[in-house]
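Colleague: Here's a structure for you.
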Protein chains: 2
Amino acid sequence: MTQYTHQTAPTQIVEVGGIRFAYRRFGKPGGVPLVFNMHFMGTMDHWDPAVTDGVAKEREVILFDNAGVSSSSGDVPETFAEMGANAIAFIRALGLKQADVLGFSIGGLVAQEIALQAPDIVRRLVLVGTGPRSGESMDTGTPEGAQIFGATYENPDDLWLRVHFTPSQASQAAGRRFLKRSQLRTEDRDPQVAEIAALAQRAAIAKWGAKRENAWDYLKDIKQPALVINGSNDVIIYTINSYILQQNLPNAQLIIYPDSAHGSLFQYPALFVADVTRFLNAEVPFPTEERSAA
Amino acid sequence: MTQYTHQTAPTQIVEVGGIRFAYRRFGKPGGVPLVFNMHFMGTMDHWDPAVTDGVAKEREVILFDNAGVSSSSGDVPETFAEMGANAIAFIRALGLKQADVLGFSIGGLVAQEIALQAPDIVRRLVLVGTGPRSGESMDTGTPEGAQIFGATYENPDDLWLRVHFTPSQASQAAGRRFLKRSQLRTEDRDPQVAEIAALAQRAAIAKWGAKRENAWDYLKDIKQPALVINGSNDVIIYTINSYILQQNLPNAQLIIYPDSAHGSLFQYPALFVADVTRFLNAEVPFPTEERSAA
């Protein structure tokens, strides 16, 4: 059997409900795969091969473009509930009875919706650089985010240096290494996200972030073991939102890495892969026994 | 060479500055030892052998009673600065040039003082269930803490079930297992902490917690890699204080475990030992390279 990697996995298509979903699937087969849900304006090529190939050593990894994004057909809906439903349709179309679900940034909002709407499918959740409904500054977005996304860049990819990394020398150096890694795949790359798709994502973010009474009660219904991860200084979705997730999810662990921003998983790929792999591999994720089952 | 354990390590004495410090030392020798700083009203016997013996598999563990506490002579000073100075005197008296320092609860305040006053000694810091100067509700203590410490208990040890564990069935069951483990050592146990010592600790807590301007600036001076750990629902030193520590320490990672309280290390000993051991063993604690050195 050929074992594909981040760089060699072919883009495949599965069609369901009139939507052609583009996806790539690679890694060690046989267990519960991990489905990756991408950030604002992101495609399959915005993942870090150090993360995806790292995770793929011990499990199957499934990257995909949700409806209306990049290589997938259809429209980007203006709610995360609908994006979650689309993601569920995609997962079911692959014939999966169970999946672990990772969501990064707005992918974390999709991941929460998947868990809420299809709890039978989701075994465990990994929520990175994300937040709850009505999270802090999630309706309007942060002023830092407005500044970063509003600026122009000599090299368009430099946008991600500011979105995902802190201004520190160490973080920026890590960011440049990440950008290089994300360019290593040269063939069969995803097209850029269309402006109309990004606008729909923005509209959905505003609705998700709108202030509500008892906004965080819904998190009690996400009973899966969850690992919540963020950087110490996320200025896109403020770090405190990860704390709020942990405090309101019934069974979640929080990890915050030092001197890092929205893209902590890209800054500390070795730590992130190890933390996620341990969490997903553990027979009991949070054992109270003296010795863990592992 | 005899390898002692939590239960068999003899209580030794080292005298410095007129104070006779009681301590126990065990585990794998040869590296940087981990010095444990204990909580309010706690003695060497209040540590969990699942934690200390777990950590001792890969490094030397040093438990001690700070000045005026239990088997150690002297008085408990009314500031953590002085308790830190006493702890430093103890560490130096053992001839150690370098140590990793773990502090739990008010032991975490002592640990911060050790790092501030003797940065040359401290290699890495582990801060559990603790907080910064002027932390939230750290001047007066929390109302929950007042209630818990003010109540009377059929079995005096049941106090710790409420201090260290949440009301959930799983947490209380873990708490009862912890209490059993902490009773396994039957010989050469530490005497209870004297009332006068506890009062001095309380006075020091009030001073530490007092509101100050720019209260958290001092944390910038603690440059050692730090691992900050707490339970999700610490009602003795509110969990948010661990978040504040992470946000203000220049090089700290935060871990918050689910459904747990002040004594998260006693509820999840296997996770705690693994997390601490990885952090202390790592050549680079927070590597930005694709693969960690380990």
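Colleague: Springs between alpha-carbon pairs under 10 angstrom, Gaussian network model over chain A: which of A:GLU58, A:GLU144, A:GLU283 fluctuates most?
Modeller: A:GLU283
Colleague: Let me ask something else about it. For the stretch A:252-294 and the stretch A:61-122, what is the separation of their C-alpha centers, rounded to whole Å?
Modeller: Cα centroid to Cα centroid, the span is 22 Å.
Colleague: Leaving ligands, DNA and RNA out of it, work out the accessible area of A:HIS46 with a 1.4 Å probe and give it in Å² to the nearest 10.
Modeller: Spelled out: A:HIS46, probe radius 1.4 Å, area about 40 Å².
Colleague: Taking only Cα atoms and a 10 Å spring cutoff, compute GNM fluctuations for chain A and point out the largest among A:ASN86, A:ASN281, A:ASN241.
Modeller: A:ASN281
Colleague: Label-point separation (nm) for A:TYR218 and B:LYS28, each offset 7 Å from Cα along Cα-to-Cβ?
Modeller: Result for the modelled spin labels: 4.7 nm.
Colleague: Okay, moving on. If the only charges are +1 at each Lys and Arg Cβ and -1 at each Asp and Glu Cβ, what is the size of the charge dipole of the protein assembly as shown around the Cα centre, to the nearest 20 debye? All intermediate terms of the calculation are to be shown ahead of the outcome.
Modeller: Numbers: 52 positive and 64 negative charges, 181 e Å.
The calculated dipole for the protein assembly as shown is roughly 860 debye.
Colleague: Principal axes first, then extents: for the Cα atoms of the stretch B:101-221, list largest minus smallest coordinate on each axis, whole Å, largest first.
Modeller: Here the Cα extents, ordered largest to smallest, are 43, 33, 32 Å.
Colleague: Let me know the shape class of the stretch A:19-140, please: from the alpha-carbon gyration tensor, a ≥ b ≥ c as square roots of the eigenvalues, rounded when a/c is under 1.5, otherwise prolate if a/b is greater than b/c, or oblate. Show your work: numbers first, answer last.
Modeller: Details: a/c = 1.38, a/b = 1.32, b/c = 1.04.
The shape class here is rounded.
Colleague: Going down the table (A:LYS180/B:LYS220; A:LYS220/B:LYS211; B:LYS57/B:LYS180; A:LYS57/B:LYS28; A:LYS57/A:LYS97), which pairs top 25 Å between alpha carbons? Don't skip to the end; give the middle numbers.
Modeller: On the way: A:LYS180/B:LYS220 32 Å; A:LYS220/B:LYS211 35 Å; B:LYS57/B:LYS180 21 Å; A:LYS57/B:LYS28 32 Å; A:LYS57/A:LYS97 22 Å.
Pairs exceeding the cut-off: A:LYS180/B:LYS220; A:LYS220/B:LYS211; A:LYS57/B:LYS28.
Colleague: Is there a quick way to get the dipole size of the stretch A:12-293? I mean about its Cα centre, with the Cβ of Lys and Arg at +1 and of Asp and Glu at -1; what is the value in debye to the nearest 20?
Modeller: On the way: 26 positive and 32 negative charges, 96 e Å.
Dipole of the stretch A:12-293, to the nearest 20 debye: 460 debye.
Colleague: Which one, B:THR5, B:TYR23, B:GLN183, projects farthest toward the positive side of the charge dipole computed for chain B from Cβ point charges (K/R +1, D/E -1)?
Modeller: Positive-end residue among those listed: B:THR5.
Colleague: Between B:GLU289 and B:SER168, how many nm apart are label points set 7 Å from Cα along the C-beta direction?
Modeller: 3.8 nm
Colleague: Would you mind counting up the charge near A:GLU283? Only other residues with Cβ under 13 Å from its Cβ, with Lys and Arg at +1 and Asp and Glu at -1. Don't skip to the answer; put the middle values down first.
Modeller: Details: positive: A:ARG123, A:ARG124, A:ARG278, A:ARG291; negative: A:GLU289.
Result for the local shell: +3.
Colleague: Enter the per residue convex hull volume of chain B, computed from alpha-carbon coordinates, in Å³ rounded to the nearest integer.
Modeller: Numbers: hull volume 36.8 nm³, N = 294.
Cα-based convex hull of chain B, divided per residue, equals 125 Å³.
Colleague: Just to be sure I understand the rule: take each whole DSSP H helix in chain B, project its Cα atoms onto its long axis, keep it if the span is 15 Å or more and its mean Kyte-Doolittle hydropathy is at least 0.0. Which ones pass? Don't skip to the answer; put the middle values down first.
Modeller: On the way: long enough: B:80-93 (19 Å, 0.97); B:106-117 (17 Å, 1.09); B:169-182 (20 Å, -1.03); B:195-209 (21 Å, 0.46); B:269-281 (17 Å, 0.88).
For chain B, where a helix must reach 15 Å along its axis and average at least 0.0, the hits are B:80-93, B:106-117, B:195-209, B:269-281.
Colleague: Please express the shape of the protein assembly as shown as an equivalent ellipsoid: the semi-axes are the square roots of 5 times the eigenvalues of the C-alpha gyration tensor, given largest first in whole angstrom. All intermediate terms of the calculation are to be shown ahead of the outcome.
Modeller: Working: eigenvalues 413, 105, 104 Å².
After diagonalising the Cα gyration tensor, the semi-axes are 45, 23, 23 Å.
Colleague: Additional query: Counting only residues 5 or more places away or on other chains, whose amide H sits under 5 Å from the amide H of B:VAL228 once H atoms are built in the peptide plane?
Modeller: So B:VAL228 has HN proximity to B:LEU127, B:GLN253, B:LEU254, B:ILE255.
Colleague: OK, next. In whole percent, what relative contact order does chain B give with Cα contacts below 8 Å and a gap of six or more residues? Don't skip to the end; give the middle numbers.
Modeller: Values: 605 pairs, mean separation 61.8, N = 294.
With pairs under 8 Å counted, the relative contact order is 21 percent.
Colleague: Among DSSP bridges having both ends in the stretch A:12-293, what percentage is antiparallel? Round to the nearest 5.
Modeller: Details: 10 of 32 bridges.
Antiparallel bridges make up about 30 percent of those DSSP assigns within the stretch A:12-293.
Colleague: Using every Cα-Cα pair within the stretch A:153-294, state what percent have a distance larger than 27 Å. Walk me through the numbers before you get to the answer.
Modeller: Values: 3668 of 10011 pairs.
The share of Cα pairs beyond 27 Å in the stretch A:153-294 comes to 37 percent.
Colleague: In addition: Placing +1 on the Cβ of each Lys and Arg and -1 on the Cβ of each Asp and Glu in the stretch A:157-218, which of A:ALA215, A:SER168, A:GLN192 has its Cα farthest towards the positive end of the resulting dipole?
Modeller: A:SER168
Colleague: Sticking with this one: Amide H neighbours of B:ALA194 under 5 Å, counting only residues 5+ apart in sequence or on other chains, H built in-plane at 1.01 Å?
Modeller: Amide H neighbours of B:ALA194, under 5 Å, 5+ apart: B:SER70.
Colleague: Also, quick follow-up: Taking only protein heavy atoms and a 1.4 Å probe, what accessible area per residue, in Å², does chain B have with all protein chains in place? Kindly include the intermediate steps, with their values, before the conclusion.
Modeller: Details: 11390 Å² over 294 residues.
Dividing the accessible area of chain B by its residue count gives 39 Å².
Colleague: I've got another one for you. Assign unit charges at the C-beta atoms only (+1 for Lys and Arg, -1 for Asp and Glu), then state the dipole size of the stretch B:33-101 relative to its Cα centre in Debye, rounded to the nearest 20. The partial results should precede the final answer.
Modeller: Details: 4 positive and 10 negative charges, 58 e Å.
Computed about the Cα centre, the dipole is about 280 debye.
Colleague: Would you kindly derive the ³J(HN,Hα) couplings of the stretch A:221-227 from the backbone phi angles with the Karplus curve 6.51 cos²θ - 1.76 cosθ + 1.60 (θ = phi - 60°), listing them in order in whole Hz, with x for Gly and Pro?
Modeller: 7, 9, 8, 4, x, 10, 10
Colleague: Okay, moving on. Per DSSP H run of n ≥ 4, the term is -39500 (n - 2.57); total these for the protein assembly as shown, divide by its residue number, and report the mean residue ellipticity at 222 nm rounded to 500 deg cm²/dmol. Walk me through the intermediate numbers first.
Modeller: Numbers: 20 runs with 208 residues, N = 588.
About -10500 deg cm²/dmol.
Colleague: With a 1.4 Å probe and all protein chains left in place, how much of the accessible area of the protein assembly as shown comes from carbon and sulfur atoms, in whole percent? Can you show the working numbers first?
Modeller: Numbers: 11650 of 22760 Å².
That share works out to 51 percent.
Colleague: Taking +1 at the Cβ of each Lys and Arg and -1 at the Cβ of each Asp and Glu, which of A:LEU265, B:VAL32, B:SER73 sits farthest along the dipole of the protein assembly as shown towards its positive end, judged by Cα position relative to the Cα centre?
Modeller: Value: B:VAL32.
Colleague: Through the Karplus equation 6.51 cos²θ - 1.76 cosθ + 1.60, θ set to phi - 60°, convert the phi angles of the stretch B:69-79 into ³J(HN,Hα) values in whole Hz; use x for Gly and Pro.
Modeller: 9, 6, 7, 8, 7, x, 10, 6, x, 9, 9
Colleague: Once B and A are treated as a pair rather than alone, how much accessible area drops out, both sides summed, in Å² to 100, probe 1.4 Å?
Modeller: Working: alone 12810 and 12800 Å², together 22760 Å².
Buried area (both sides, nearest 100 Å²): 2900 Å².
Colleague: So, one more: In terms of modelled amide H atoms, which long-range or inter-chain residues lie less than 5 Å from the amide H of B:ARG123?
Modeller: Correct list: B:ALA99, B:ASP100, B:VAL101.
Colleague: Which sequence of B:VAL193, A:VAL228 reflects their accessible areas, 1.4 Å probe, from the largest down? If you can, show how the numbers build up before the last one.
Modeller: Details: B:VAL193 25, A:VAL228 0 Å².
Solvent-accessible surface, decreasing: B:VAL193, A:VAL228.
Colleague: Count the DSSP beta bridges whose two residues both fall in the protein assembly as shown, then state the antiparallel fraction as a percent rounded to the nearest 5.
Modeller: On the way: 23 of 67 bridges.
Of all bridge pairs located within the protein assembly as shown, approximately 35 percent are antiparallel.
Colleague: Sticking with this one: Choose one answer from B:LEU125, B:LEU96, B:LEU34: the residue with the largest mean-square fluctuation in a GNM of chain B with alpha-carbon springs under 10 Å.
Modeller: B:LEU96
The values are calculated or read from the model by the stated rules, or taken from the named source; none is laboratory data. Because the structure is predicted, anything quoted here is derived from the model rather than measured. Don't worry about glycine lacking a Cβ; one is built from the backbone with ideal geometry, like all the others, and counts go over all protein chains shown. Keep in mind that these areas ignore ligands, DNA and RNA; they rest on the heavy atoms of the full protein, side chains included. Shrake-Rupley method; radii C 1.70, N 1.55, O 1.52, S 1.80 Å.
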